[in-house]
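Scroll down for the structure; my scribbles are underneath it.
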Amino acid sequence: MKDMILATLKNLFAIGPILFGVAFLAPVFSELMIAADITQPFGLPPIAIGLVVGLGWGSYAYVKGSWV
């Protein structure tokens, strides 16, 4: 059981930048769009745009190994 938990945590930490992008950056980006009253492209809700940006940025950080 302990080995299974450790393996799960190891896999989650391996994709940490992607999870951070989706779980943290996406809601922050969507709330910033709402606060700044930015028109949403294609009529999508702000969270959908935030998820695209967060997933893209997290994937970039995962592949490159750095956020910058």
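The values are calculated or read from the model by the stated rules, or taken from the named source; none is laboratory data. Small disclaimer: the values here were computed from a predicted structure and weren't measured. Glycine also receives a Cβ, built like all others from the backbone with ideal geometry; neighbour counts cover every protein chain displayed.
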Selection status of Pro27, of a type outside the set (Lys, Arg), out of contact with any Ser or Thr (no Cβ under 7 Å at 6 or more places or on another chain) and modelled with pLDDT of 95 or more: yes
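Select from the stretch 1-35 the residues that are of a type in the set (A, V, I, L, M) and farther than 24 Å from Trp67 by Cα and list them in ascending order. Walk me through how you get there before you give the answer.
Start the filter on the stretch 1-35 by keeping residues that are of a type in the set (A, V, I, L, M), which leaves 1, 4-7, 9, 12, 14-15, 18-19, 22-23, 25-26, 28, 32-35.
Of everything in the stretch 1-35, those that are of a type in the set (A, V, I, L, M) and farther than 24 Å from Trp67 by Cα turn out to be Met1, Met4, Ile5, Leu6, Ala7, Ile34, Ala35.
What helices (runs of 4 or more DSSP H), lying completely within the chain, carry at least 1 residues that are without any contact (Cβ under 8 Å) to a residue 40 or more places away in the chain and surrounded by 13 or more Cβ atoms within 10 Å (Cβ to Cβ)?
Working: elements: 2-14, 16-20, 26-35, 46-64.
Passing ranges, in order: 16-20, 26-35, 46-64.
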Search result, residues across the stretch 1-24 that are within 16 Å of Val63 (Cβ to Cβ) and of a type in the set (A, V, I, L, M): Ala14, Ile15, Ile18, Leu19, Val22
